[in-house]
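All remarks here apply to the structure that follows.
Rule-based calculations on the coordinates, nothing more; no lab input. Quick caveat, the model's predicted, so the values are computed rather than measured. As a convention, Cβ positions derive from the backbone with ideal geometry for all residues, glycine included, and neighbour counts pool all protein chains shown.
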Amino acid sequence: MTPVTWDPFFLGGRQFHSRLILGSGKYPLPQIREVVEAGSPDIVTLALRRVNALGQANILDYLPEGKTWLPNTSGAQTAQEALTLARLARELGCGDFIKIEVIVDAKYLLPDNERTLEAVKLLVADGFVALPYMTPDLVIARKMEQAGAAAIMPLGAPIGSNKGLTTRELIRLMIAELKVPVIVDAGLGRPSQACEALEMGACAVMVNTAVATAENPPAMARAFALAVRAGREAYLAGLGPVSEATASSPLTGFLKSEPDPTL
Amino acid sequence: MIVNGQTIKLDKTRPLSEVLALCGYDQALVAVLVNDQVAPRNQFALLAIQDSDDLEVVAFVGGG
Amino acid sequence: MIITDLIEAIEHALAFDFASITPQKVEKALNQERLELTDLGALLSPAAEAYLEPMAQKARQLTKNFFGQVITLFTPLYLANFCVNHCLYCGFNQRNPLRRGALSPTEIERELATIKAQGFQDILLLTGESRGHSGPDYLEAAVKLAAPSFASVGLEVYPLKTPEYARLQKAGADYVCVYQETYQPQLYDQIHPQGPKKNYLWRLMAPARALQAGVRGVGLGVLLGLGDFRGDTLAMAVHGQYLAQMSPAADIAYSIPRLRPTPGTRAEFGQISEKELLQIILALRIFSPSFGLSLSTRERAYFRDHVIGLGVTRLSAGVKTSVGGHSGPDQGDEQFLKSDDRDVNQVSEAIIARGHQPIFHDYARP
């Protein structure tokens, strides 16, 4: 058998192969490299925080080179704050890719879709490659697409919940209707759930907590990478039909009961 | 001046790059908000900081 | 999607290799929850003829899910049959020595009153293409006469400019039907030897212009029998998909008239069987579960009755294809010969007999 290779996808004019996007949160710094090497993503997310001068460590020193950094705007509660965070990230010299997160709801950490849409408009106007994280809603996703979002990142379940692809039916619609890639973000707890997202036609998945909270995070990162790959290949191979019993009452027998006068 | 919420006395007006160095930051690794405005990296050496300014110094950390 | 994408997608659809479809591909399409265009291609292929019954099962279920068990009844009113086009398949062809006429406002009012009294709430106003005899002003006046007493007013006239559509929408037009007839550019060119209709792209983009002008719904159609019906149907679905993406709120309906013997034209086109027509209805319903599907009186009562519930959502009744003729003698000759002459009560009874409810509008202007 020929070895399989990823079929590429494009975001912001750049080509990517791995359809697993890894988050870098919740790890002790020395472990991150091992996790990222095991999961082998092309894109890794980062956050921005106030830092103290003392004991300042550069997370990028702990990450393998050659990845695309995807800073998020976590902490932003308004579109304007998201724009400020994005601009700060840009000054750090890691490119124009931004995962937009605008969250007001403190209990479930659900994205504020309305403000996120607002943020997409601001960031796109400012030249960013905007990837909005959102609660799956096709109608607002269309508006984000219209506003120039490079991809849409609907959540599979509340962030950090490891509950899986609980929003699958809504995401299915988004995959079918949107022209931009759909990247399932947040909530995926198991490799099988990531696999399912790819089987459904999601462009990629983004995982953080599921790997970070595993007993062995590097091994789990690798498991996700394999699952994502299997899902993508299954999607490309075309899933076979699920058989259903066919009722027998004839709806089309009338064609034969009377001759077709037009023949 | 205020740096990340802490009041620090600035003896005189100094360029941002100098202020960052005085506070112990490696300026290559941080981005700065000066009075809620993003300071462009190429302006670090020029931007004059006064004792009345409010600075937010941020850097990349792990995140999802 | 932009216009060039639409044109490319249509070319792609017209080049679809229906003969290469295997039964496995048909089964896959049937079991798919959301169909790709290639799945629709499979359902339209010769291989799918063996799957009409399972297609009908699926189409029936989808029709029920999306529309319930109702059929909307409407009737066309031909306002005028003056025409500057030379369409080889059409009775209104300028060269055809036809009795021509255009209803006056008084005649339109009288016709509308008669139609209204029959119970209709949804009316489709038709003309030939003649800016001299039935220009936008004429159309606007007719729409203004119809809008107060009908819940839904449709127009099936020549392609208009966006501001003209906006005017008509403001006057009360709810939907616009512009049938491409065939999506095959070369054939289109041959069968429209002269006249403004020769402009394929102008016609193709008319539904998009109407939607941009604020009209709520559009009707697409192909005249089955002109060319390869499979490619044309697939291309029409591409067109529908394009419009749905452009205007997610738009009400889109397909129409699939078969070419009928028409006075004054030569019947040298292909013939589509009822079986093939059924296949088209089922395939379109499965591919576009939320789109309307209209079946004209070109089809005989037996066929129209039997496809109730299998995908059709709109049926015409009490149809005259001549100019006027509802309230008195007609004012011009007819466009085509009908196969179903039943009036509104007879069609209603047939709908009820098949366990459905006839309704007279499924939308009212706010």
- Message: Need the C-alpha centroid separation for region A:21-42 versus region C:48-73, integer Å.
- Response: 51 Å
- Could you state the angle between the C-alpha long axis of helix A:217-237 and the longest principal axis of the C-alpha atoms of chain A, as a value from 0 to 90 degrees rounded to the nearest 10? 30 degrees
- Note on the structure: Env charge @ residue C:130, Cβ radius under 13 Å, K,R +1 / D,E -1, value +1
- Query: Over chain A, what is the mean sequence separation of C-alpha contacts under 8 Å (at least six apart), divided by residue count, expressed as relative contact order in percent?
  - Reply: 16 percent
- Item | Distance in nm between pseudo-label sites at residue C:151 and residue C:19 (7 Å out along the Cβ direction from Cα) | 4.9 nm
- GNM on chain C, C-alpha springs below 10 Å: top fluctuator among C:164, C:181, C:36? C:36
- Can you figure out the FRET efficiency of residue A:14 with residue C:327, using R₀ = 56 Å and their beta-carbon distance, to the nearest 0.05? 0.25
- Query: Residue by residue through region C:180-189, which ³J(HN,Hα) values in whole Hz follow from phi under the Karplus form 6.51 cos²θ - 1.76 cosθ + 1.60 (θ = phi - 60°), with glycine and proline marked x?
  - Reply: 6, 6, 9, 8, 7, x, 5, 5, 3, 5
- Report, in debye and to the nearest 20, how large the dipole of region A:9-238 comes out about its Cα centre when Lys and Arg carry +1 and Asp and Glu carry -1 on their Cβ. 100 debye
- Task: Take peptide B:35-41, look around each residue's Cβ out to 10 angstrom, count Cβ atoms belonging to other protein chains, and average those counts.
- Result: 3
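By how many nm would the segment from residue C:116 to residue C:359 lengthen if fully extended, with 0.36 nm per residue of separation less the alpha-carbon distance?
Length gained between residue C:116 and residue C:359: 86.1 nm.
In debye, nearest 20: dipole of region C:75-136 around its Cα centre with unit charges on the Cβ of K, R (+) and D, E (-)?
Magnitude of the dipole: close to 240 debye.
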- Query: Cα to Cα, under 20 Å, and not fewer than 8 places away if on the same chain: which lysines meet these conditions relative to residue C:338?
  - Reply: C:275, C:320
- Task: Considering only C:214, C:128, C:195, give the residue with the highest GNM mean-square fluctuation for chain C, with springs between Cα atoms whenever their separation is below 10 Å.
- Result: C:195
- Item | Most fluctuating residue given options A:142, A:14, A:168, as computed from a GNM of chain A linking Cα atoms under 10 Å | A:14
- Rank C:154, C:235, C:348 by how far each Cα sits towards the positive end of the charge dipole of region C:53-359 (+1 on Lys, Arg Cβ; -1 on Asp, Glu Cβ) and give me just the farthest. C:235
- quick note, the protein assembly as shown, DSSP beta bridge pairs, % antiparallel (nearest 5) is 25 percent
- Task: On a C-alpha basis, how far is the centre of region B:3-64 from the centre of region A:129-153 in Å? Whole number, if you could?
- Result: 33 Å
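With charges set only on the Cβ (+1 for Lys and Arg, -1 for Asp and Glu), what does the dipole of the protein assembly as shown come to about its Cα centre, in debye to the nearest 20?
Charge dipole, the protein assembly as shown, about its Cα centre: 620 debye, nearest 20.
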- Would you be so kind as to identify which of A:141, C:13, C:97 lies farthest towards the positive end of the dipole of the protein assembly as shown, taking Lys and Arg as +1 and Asp and Glu as -1 on Cβ and the Cα centre as origin? C:97
- Taking a crude spin-label model, label points 7 Å out from Cα along the C-beta direction, the residue A:169 to residue C:3 distance in nm is 4.1 nm
- Task: For each pair in C:116/C:161; A:121/A:163; A:143/C:64; C:64/C:144; A:107/A:163, compute the distance between the two Cα atoms and list the pairs where it is over 23 Å.
- Result: C:116/C:161; A:121/A:163; A:143/C:64; C:64/C:144
- With r defined as the distance between the Cβ atoms of residue C:69 and residue A:254 and R0 fixed at 22 Å, what FRET efficiency is calculated, to the nearest 0.05? 0.75
- Task: Identify unpaired cysteines across chain C, taking unpaired to mean no other cysteine Cβ lies under 4.7 Å from the residue's Cβ.
- Result: C:83, C:177
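Around residue B:13, under 14 Å between beta carbons, what's the net of Lys plus Arg minus Asp minus Glu among the other residues?
Working: positive: B:9, B:12, B:14; negative: B:11, B:18, B:51, B:53.
Here the count lands on -1.
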- Note on the structure: The long-range amide H neighbours of residue C:71, using H built 1.01 Å from N in the peptide plane and a cut-off of under 5 Å, are C:357, C:359
- Any idea how far apart residue B:12 and residue A:49 come out in nm if each label point goes 7 Å out from Cα toward Cβ? 3.8 nm
- Query: Once amide H atoms are built 1.01 Å from N in the peptide plane, which residues 5 or more positions from residue A:100, or in another chain, come under 5 Å H to H?
  - Reply: A:131, A:133
- Applying the Karplus parametrisation 6.51 cos²θ - 1.76 cosθ + 1.60 with θ = phi - 60° to the phi angles of region C:321-335, what ³J(HN,Hα) value in whole Hz is obtained for each residue in order, glycine and proline being reported as x? 9, 8, 6, x, x, 7, 10, x, x, 6, 10, x, 6, 8, 7
- Message: To check you understand DSSP bridge types, tell me what percent of the beta bridges within region C:53-359 (both residues inside) are antiparallel, rounded to 5.
- Response: 5 percent
- Message: Between 0 and 90 degrees, rounded to the nearest ten: what's the tilt of helix A:29-39 against the longest Cα principal axis of chain A?
- Response: 30 degrees
- For region A:208-213, in residue order, the Karplus 3J(HN,Hα) values (coefficients 6.51, -1.76, 1.60; θ = phi - 60°; whole Hz; Gly and Pro = x) are 9, 4, 4, 7, 5, 9
- Query: Which FRET efficiency, nearest 0.05, do residue A:34 and residue C:202 yield, Cβ-Cβ r, R0 51 Å?
  - Reply: 0.25
- Message: Need one value for A:250-260: mean number of C-beta atoms belonging to other chains within 10 Å of its residues' C-beta atoms.
- Response: 6
- Given charges at Cβ of Lys, Arg, Asp, Glu: the protein assembly as shown dipole, positive-most of C:288, C:163, A:6: C:163
- Item | For residue C:155, distant residues with modelled amide H under 5 Å away | C:125, C:175, C:176, C:177
- Task: First select every other residue whose beta carbon is under 13 angstrom from the beta carbon of residue C:209; then total the charges, Lys and Arg +1, Asp and Glu -1.
- Result: +2
